[in-house]
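Right, one structure below, let's go through it.
Values in this text are rule-based calculations from the coordinates and carry no lab data. What you see is a predicted model; the values in this text were computed from it and never measured. Backbone-built Cβ (ideal geometry, glycine too); neighbour counts: all protein chains shown.
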Amino acid sequence: MTAVATTVASMLTSWAQAWRIAGLLALAGVLSSCVSAPGIGKPVSWSALPGWQQGQQAQAWPALQQNCERLATRAASWQGICRDVELLGQPDDSSARAFFETRFVPHKVGGESGQRTGLVTGYYEPLLEGSLVRTERFRYPIYQRPPNLLTIDLGDVYPELKGRPVRGRLQGERVVPYFSRAEIDETSSPLAGYEIAWVDDPVSLFFLHVQGSGRIRLPDSEVLAVGYADQNGHPYVSIGRRLREITGLEPEAINLDSIRRWLEEHPQAIEELLHSNPSYIFFTVRDSTLPGPLGSLRVPLTAQHSAAVDRKYIPLGLPLWLDTTLPGKGPPYRRLLFAQDTGGAIKGPLRVDVFFGQGLEAEKLAGRMRERGRFYVLLPRQEQSARR
């Protein structure tokens, strides 16, 4: 570290020790004034976060730096935080931990009736084989956002719809629901002419929709990166849930691998099962040189340190401490994440979707990840004070 960064790190460590000593006294008054409700709840001491003192918080620093690219000029509570992020450069775990302890206050995240344990899943950036022109092999299209897709924001008239725009299309003088997945997939597609590329596998294309971004390897080995542009407005329906209804399999037996395997064994059922989810994603070409796909916060996602949340309960940009396990009764999985994305299936306060990155290992982890976990949100001290 530079001399300035070393000095800042030393100051942060001293401040962190002071906060630990005074923490319980300061929190006592806050605890008495907080009302339990779904979402961000009562503040807790840092010692209440399982594994925090043994964490590798420095690994999350790139995700924090991405946050600052977006939030430093937009949120007053982040301006001072991001100035110190720049001063610290690349801290070690101890300095990074002290930074968070002096700048943030941890809060429990809870659900209805005081539930504390929620569902942790994973997602990744898939790689598909494709072409910029339609061929006999590459005949399944990836569509850009169509110009006739209307987005209607009724939040000013109906406050309960704030942040939940309605999508549709004009039919004469009426606004009607936009085309469903089944309608878009018809031989004479209503979206013909709006293709970005074509791929060779409808199942892989469906999972590209589920993940929200991916990379397409073209015949000349060039890679085309695509990201989420919009959605058709239909609700997301889990094909895993539909598959449980068909097969009677237990929920824990349904994952990316088992769904793929079942579809390979039942090719005649592919179309029906995929169309049971009417939601459809439109894409845009993105910068393939970025380290990861852009999340809803419009910053590149960082493998295993970015997550999708329900922004109704957890504002984008906030740090999260996650306490869960890896699939197959694996070791504890405790790490610092940043809420940088959203997803159609990520609903409720006790719901986190971890971005695992690219490659086969990321696909394996994301496909099998379905674990119970506890979540803690780290609020900037300025925001925490405003909640009192």
### Summary
Under a Gaussian network model of the chain whose springs join Cα atoms within less than 10 Å, the largest fluctuation of Pro147, Pro291, Pro278 belongs to Pro147
### Message
If you average 1/r across every pair of different Cα atoms in the chain and take the reciprocal, what Kirkwood value do you get, in Å?
### Response
22.6
## Note on the structure
Among Gly240, Gly295, Pro332, the residue whose Cα sits farthest towards the positive end of the charge dipole of the chain, when +1 is placed on the Cβ of each Lys and Arg and -1 on the Cβ of each Asp and Glu, is Pro332
#### Entry: Bins of 5 Å, starting at 0 and running to the largest distance - Cα pair percent for the range 322-388
3, 13, 21, 25, 18, 9, 5, 4, 1, 0
#### Entry: Candidate aspartates and glutamates for bridging to Lys162, where Cα separation is under 12 Å - those fewer than 8 sequence places away on the same chain excluded
Asp153
## Note on the structure
For the range 161-223, listing GluC sites (Glu not before Pro) in a DSSP loop whose Cβ sees at most 16 other Cβ atoms within 10 Å gives Glu173, Glu186, Glu222
### Task
Give the long-range amide H neighbours of Ala225: residues separated by 5 or more places, or on another chain, with amide H under 5 Å away, using H modelled in the peptide plane at 1.01 Å from N.
Ile216, Arg286, Ser288
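Out of the chymotrypsin sites (Phe, Trp or Tyr not before Pro) in the range 278-319, which ones are loop residues according to DSSP with at most 10 other C-beta atoms within 10 Å?
Values: sites: Tyr280, Phe282, Phe283, Tyr313; in loops: Tyr280, Tyr313.
Answer in residue order: no site qualifies.
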### Query
Reachable lysines from Lys42, Cα under 20 Å, same-chain residues fewer than 8 places away excluded?
Lys108, Lys312
### Task
Mind checking which aspartates and glutamates have their Cα closer than 17 Å to the Cα of Lys364? Skip sequence neighbours fewer than 8 apart in that chain.
Glu125, Glu252, Asp257, Asp353
### Query
Cα convex hull of the range 225-325: mean projected area in nm², to one decimal?
8.8
### Message
Suppose the chain between Tyr194 and Glu173 were pulled fully straight at 0.36 nm per residue; how much longer would it get relative to their current alpha carbon spacing?
### Response
5.2 nm
### Query
Each residue of the range 120-129 in order: what ³J(HN,Hα) in whole Hz does its phi give by Karplus 6.51 cos²θ - 1.76 cosθ + 1.60, θ = phi - 60°, with x for Gly and Pro?
10, 10, x, 9, 8, 9, x, 10, 10, 8
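Can you compute the helix-only [θ] at 222 nm over the chain? Use -39500 (n - 2.57) per DSSP H run of at least 4 residues, normalise by all residues, nearest 500 deg cm²/dmol.
Mean residue ellipticity at 222 nm (helix-derived): -9500 deg cm²/dmol.
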### Task
Provide the convex hull volume over Cα atoms per residue for the range 28-120, in Å³.
137
### Ratio of Rg to Rh over the range 125-286 (Cα coordinates, Kirkwood Rh, two decimals)
0.99
